[in-house]
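The values are calculated or read from the model by the stated rules, or taken from the named source; none is laboratory data. None of the values given here were measured: they were computed from a predicted structure. Here the Cβ is made from the backbone with ideal geometry for all residues, glycine too, and neighbour counts use every protein chain on show.
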């Protein structure tokens, strides 16, 4: 397993013009990360020239692009808005190609008010199918994140990708901070479909937060033959500059001795 971090970890700095994407890459280089996940929200422009610039700057710093990440909602009740979401993801598949990313994180969405779950599930599966067809042509896998809504638990998450069990272009971005309850059983249920991950320091436990034991996580992933990235998505209230560094040191230890 390798170690990466998401641009989202530094979101406040990036959003408030206190850090550029190039400075984010400098930070990741200085912290000896293997890769970076480039989140769509923080690109100041999306021209081919700029995407190629970031690809080159990432390479110059000895980093891989472990993935790209886009927001979205495949379960919007408005057909026109659903199609807009699908086209947005397809566009980001093309951006991912220009950046050199082999995987794109996507979201499912929830059940819209006034509609049944079965409808929302159908819309998400249809959206994933359309985007995966584009991904297969371009060589970019889709990684559906467990991110609330229809993907609040392992059962709901797996329901959405079960129709694609024979499709190698759809997998999971297994976010370890987004399940509640018996989190380790849910990780085991999902691990075999994970193509990338997000590592948060804590997960929700009622109204509180509890620490995630990443030695357990690493053992679960190894049993599932997962060999990809552990990508830090830092959401703690402390300064991410110090917080990401200390969390990375902890994860490196887990990879070594789990």
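Scanning the stretch 2-25 for residues that are under 19 Å from residue 100 (Cβ atoms) and out of contact with any strand residue (DSSP E or B) (no Cβ under 6 Å at 6 or more places or on another chain) returns 21, 22, 24, 25. Number of residues in the stretch 60-91 that are touching a residue at least 12 places away in the same chain (Cβ under 8 Å), more than 21 Å from the chain's Cα centre (by Cα) and closer than 30 Å to residue 1 by Cβ: the value is 2. Entry remark, the stretch 58-69: residues being under 11 Å from residue 29 (Cβ atoms) and outside any helix (DSSP H, G or I) number 3 in total.
If you take the residues in the stretch 1-12 that are touching a helix residue (DSSP H, G or I) at 6+ places or on another chain (Cβ under 6 Å) and in a helix (DSSP H, G or I), which one is surrounded by the most Cβ atoms within 10 Å (Cβ to Cβ)? Top of the filtered list is 9.
With the condition kept exactly as written, say whether any residue in the stretch 114-126 is crowded, with 21+ Cβ neighbours inside 10 Å, within 18 Å of residue 170 (Cα to Cα) and over 16 Å from the mean Cα position of the chain (by Cα). Yes, the stretch 114-126 contains a residue that is crowded, with 21+ Cβ neighbours inside 10 Å, within 18 Å of residue 170 (Cα to Cα) and over 16 Å from the mean Cα position of the chain (by Cα).
Scanning for something under 19 Å from the mean Cα position of the chain (by Cα), part of a strand (DSSP E or B) and without any contact (Cβ under 8 Å) to a residue 60 or more places away in the chain, does the stretch 13-33 turn up at least one residue? Among the residues of the stretch 13-33, not one is under 19 Å from the mean Cα position of the chain (by Cα), part of a strand (DSSP E or B) and without any contact (Cβ under 8 Å) to a residue 60 or more places away in the chain, which makes the answer no. Report yes if some residue within the stretch 55-64 is crowded, with 18+ Cβ neighbours inside 10 Å and either at pLDDT below 95 or out of contact with any strand residue (DSSP E or B) (no Cβ under 6 Å at 6 or more places or on another chain) (or both); otherwise report no. No, the stretch 55-64 has no match at all. Taking the stretch 102-118 as the range and being outside any loop (DSSP other than H, G, I, E, B) and either touching a residue at least 40 places away in the same chain (Cβ under 8 Å) or in contact with a helix residue (DSSP H, G or I) (Cβ under 7 Å, 6 or more places away or on another chain) (or both) as the test, the residues that pass are 103, 104, 105, 106. Among the residues in the stretch 46-57, are any assigned to a loop (DSSP other than H, G, I, E, B) and in contact (Cβ under 8 Å) with a residue 60 or more places away in the chain? No: zero hits. Is it the case, given these coordinates, that residue 99 is closer than 25 Å to residue 47 by Cα, in contact with a helix residue (DSSP H, G or I) (Cβ under 6 Å, 6 or more places away or on another chain), at pLDDT 95 or above and surrounded by fewer than 24 Cβ atoms within 10 Å (Cβ to Cβ)? Judged against the criteria, residue 99 is a match.
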